[in-house]
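Let me begin by presenting the structure, written as structure tokens, before commenting on it.
The values are calculated or read from the model by the stated rules, or taken from the named source; none is laboratory data. Just so it is clear, the model here is predicted, and its values are computed rather than measured. Note that we place each Cβ from the backbone using ideal geometry, even for glycine, and neighbour counts take in every protein chain shown. Surface accessibility is based on the protein's heavy atoms, side chains included, excluding ligands, DNA and RNA. Shrake-Rupley method; radii C 1.70, N 1.55, O 1.52, S 1.80 Å.
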Amino acid sequence: FYLTLTVPIAFYLSLTSRELIALFAPSYDESAGVVGWVSLGALLFQLSHLIFTNLYLNFKTGQLTLAMLTTAGINVLLNLWLIPQWGFLAAAWSTVISYSAFCILTIAATWSTIRFRLVRSDVLAIVSATLIMWGATLILRSLSSTNFFLLTLTAFAAYSLVLTFCVRKGYIASFHYA
């Protein structure tokens, strides 16, 4: 359920970053290239939260602490190395790389306790939702800023309702453990 909701939203934010920044913060137009990277980083970080809950429940907080410290170290080193050359965009890249490492570390730490499996119907739901969001974004981008924002809110509300309906009916499972 989480990925079916967040993957399309991250994709949407990446595609519409220029429009959203022009609408809400026009003086920050140059930062539009960062939005997609930050969206991906946030997606990975939140995904790792779903995974490392198992570490809390099994009292393995030492492994979680090690994963967090390693992630912080990776982020600091990448920022020191990349930001002088690439500027603020490099901070977004560093975040995505660090959060990817955090996901990998938390999966590795929980692997002996929980194995995650991909269910074909869930993968199909994620891909379908992302394609629908992509198509809606292409249509909505042709509108004026105000209409774009209002229709985006409406589309997101409708999407959330359909997704909630699908989960409640059992078409999409909340989470799968092997």
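Percent of accessible area on region 1-94 owned by carbon and sulfur, 1.4 Å probe?
Result for region 1-94: 74 percent of the exposed heavy-atom area is carbon or sulfur.
Express the accessible area of region 1-115 per residue in Å², computed with a 1.4 Å probe while the remaining protein chains stay in the model.
I get 55 Å² per residue for region 1-115.
What share of Cα pairs, in percent, lie more than 18 angstrom apart in region 1-104?
Percent of Cα pairs beyond 18 Å in region 1-104: 56.
What is the distance, in nm, between label points placed 7 Å from the Cα along the Cα-to-Cβ direction at Glu30 and at Tyr56?
4.0
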